[in-house]
Amino acid sequence: MSVRLQPLLQLDLPLAQLDERYREQVGWADAFRINRDARLLLLGVELALQGGGLTEPALRDAALVMGVSLASVESYRSFELGLRAGQLAPLAYSNALPSIPLACVAMRWRTQGPTYTLCGRADVGLAAVAAGRQLLLAGRAPSAIVGSWRLAEPAAVGDRRAGRARLSLVRLDAAPEARRTT
């Protein structure tokens, strides 16, 4: 079996536009308390669905594998601010979990495939692609939506990507290999 890769989405926008774009294009009422990481991922999946490269039935059955750069500190910043404000449970703790954004996607679209969130460095997206490929080769799902995100805070000193939200999504599909004749 081989695996085909289909690009779905490349999103790069100023953090200041993320909330506005989320409200305009997603507006999921149940997600009023989620942080920017989750809003970014929900926006990206919604845009992939609107763009035609992905359908809701395909998303429901797919494995979901996302990588987040350790430099994406929005979740931890929200956690710290929540603690300072005395918001000890449960919101502050949920903000500190990098798996929450992918869990929001799973809840919003009622997905049924396996979900994995990987944390790492700049190449964590490649690790997500490799993990998604392994799930397909093992027969765990007919396809996988994989990618990575990064939120660079405006205060990130010396980071040229500061103040930006970035998300990449691709779709992996299992494809039977052509039979060889000799």
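The values are calculated or read from the model by the stated rules, or taken from the named source; none is laboratory data. In this text, all values refer to a predicted model and were calculated from it rather than measured experimentally. Every residue, glycine as well, gets a Cβ built from its backbone with ideal geometry; the counts of neighbours run over all protein chains shown. To get the accessible areas, we keep the full protein, side chains included, count just its heavy atoms, and leave off ligands, DNA and RNA. Shrake-Rupley method; radii C 1.70, N 1.55, O 1.52, S 1.80 Å.
Worth pointing out:
- Applying 1/(1 + (r/R0)^6) with r as the Cβ-Cβ distance of Leu137 and Met107 and R0 = 30 angstrom yields a FRET efficiency of 0.65.
- Distance in nm between pseudo-label sites at Glu56 and Leu13 (7 Å out along the Cβ direction from Cα): 2.1
- Heavy atoms of Ser99 accessible to a 1.4 Å probe, total area in Å² rounded to 10: 60
- The listed residues Asp19, Asp37, Asp123 rank as Asp123, Asp19, Asp37 when sorted by accessible area, largest first, using a 1.4 Å probe.
- A full extension of the chain between Asp123 and Arg84 corresponds to an added length of 10.8 nm, given 0.36 nm per residue minus the alpha carbon distance.
- One decimal place: the segment Met1-Ala175 gains 62.1 nm when fully extended, by the rule 0.36 nm per residue minus the C-alpha distance.
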